[in-house]
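What follows is a short report on a single structure.
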Amino acid sequence: MKAYKFKINGKEYNVAVNGIEGKNADVTVNGVNYQVELENEVPAAAAAPVAAPAAAAPAAAAAPAAAPAAAGAGKIIESPLPGVIISVDVKEGQAVKRGQKVAVIEAMKMENEILSDVDGTIKAIHVKQGDSVLEGADIVTVG
């Protein structure tokens, strides 16, 4: 087993490559197991020394979406489309209800409200007014 520590967008991830068979790798990210499909098949003889670096990239790509929720850090509210943040309507520590507006994003000359999917407290705000974001970008974390 080969272990790595990654820092992606300021978040730390512990990734262990447990094994590789062909194009499939068994990895553990922050204590949660994942089956990862590799782009290229790794020969059985080379799987141990070569596979760990090859598996690290797909594991890291899967980690940002899955690891924080699995670690109990809260529910991340993501941008449903690419655009520019017009306003952030909450503050860290603020209580929010499901359906409450947390931010507004402008996309294709239209303003779109980003709503909380859950009741909770704002644990982190990942954007600020004027930021350009891609679809799936973290907006806020509700815990």
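The values are calculated or read from the model by the stated rules, or taken from the named source; none is laboratory data. What you see is a predicted model; the values in this text were computed from it and never measured. Here the Cβ positions follow ideal geometry from the backbone for every residue, glycine too, while neighbour counts run over all protein chains shown. When the accessible area is computed, the model is the full protein with side chains, heavy atoms only, and any ligands, DNA or RNA have been set aside. Shrake-Rupley method; radii C 1.70, N 1.55, O 1.52, S 1.80 Å.
Determine whether Glu92 is modelled with pLDDT of 85 or more, of a type in the set (Asp, Glu) and touching a strand residue (DSSP E or B) at 6+ places or on another chain (Cβ under 9 Å).
Working: modelled with pLDDT of 85 or more: yes; of a type in the set (Asp, Glu): yes; touching a strand residue (DSSP E or B) at 6+ places or on another chain (Cβ under 9 Å): yes.
Considered against the rule, which asks whether it is modelled with pLDDT of 85 or more, of a type in the set (Asp, Glu) and touching a strand residue (DSSP E or B) at 6+ places or on another chain (Cβ under 9 Å), Glu92 comes out as yes.
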Report task. Out of the residues in the range 92-143 that are among the acidic types (Asp, Glu) and outside any strand (DSSP E or B), state the one that is least open to solvent (accessible area, probe 1.4 Å). Result -> Asp131
Report summary line: (1) under 17 Å from His126 (Cα atoms); (2) out of contact with any Pro (no Cβ under 9 Å at 6 or more places or on another chain); (3) surrounded by fewer than 14 Cβ atoms within 10 Å (Cβ to Cβ); (4) modelled with pLDDT under 90 all hold for Pro68 apart from (3)
Report task. Output the qualifying pairs, or none if there are none: Cβ atoms under 6 angstrom, residues six or more apart or on different chains, first residue in the range 20-44 and over 24 Å from Ile8 (Cα atoms), second residue assigned to a strand (DSSP E or B) and of a type in the set (Gly, Ala, Ser). Result -> Glu41/Gly22
Query raised in the report: Which of the residues spanning the range 1-24 are of a type in the set (A, V, I, L, M) and in a strand (DSSP E or B)?
Result: Ala3, Ile8, Val15, Ala16, Val17, Ile20
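Does the range 9-30 hold any residues that are modelled with pLDDT of 80 or more and under 25 Å from Ala137 (Cα atoms), and which are they? Don't jump to the end; show me each part of the working.
Let us first name the residues in the range 9-30 that are modelled with pLDDT of 80 or more, namely 11-30.
Correct list: Lys11, Glu12, Tyr13, Asn14, Val15, Val27, Thr28, Val29, Asn30.
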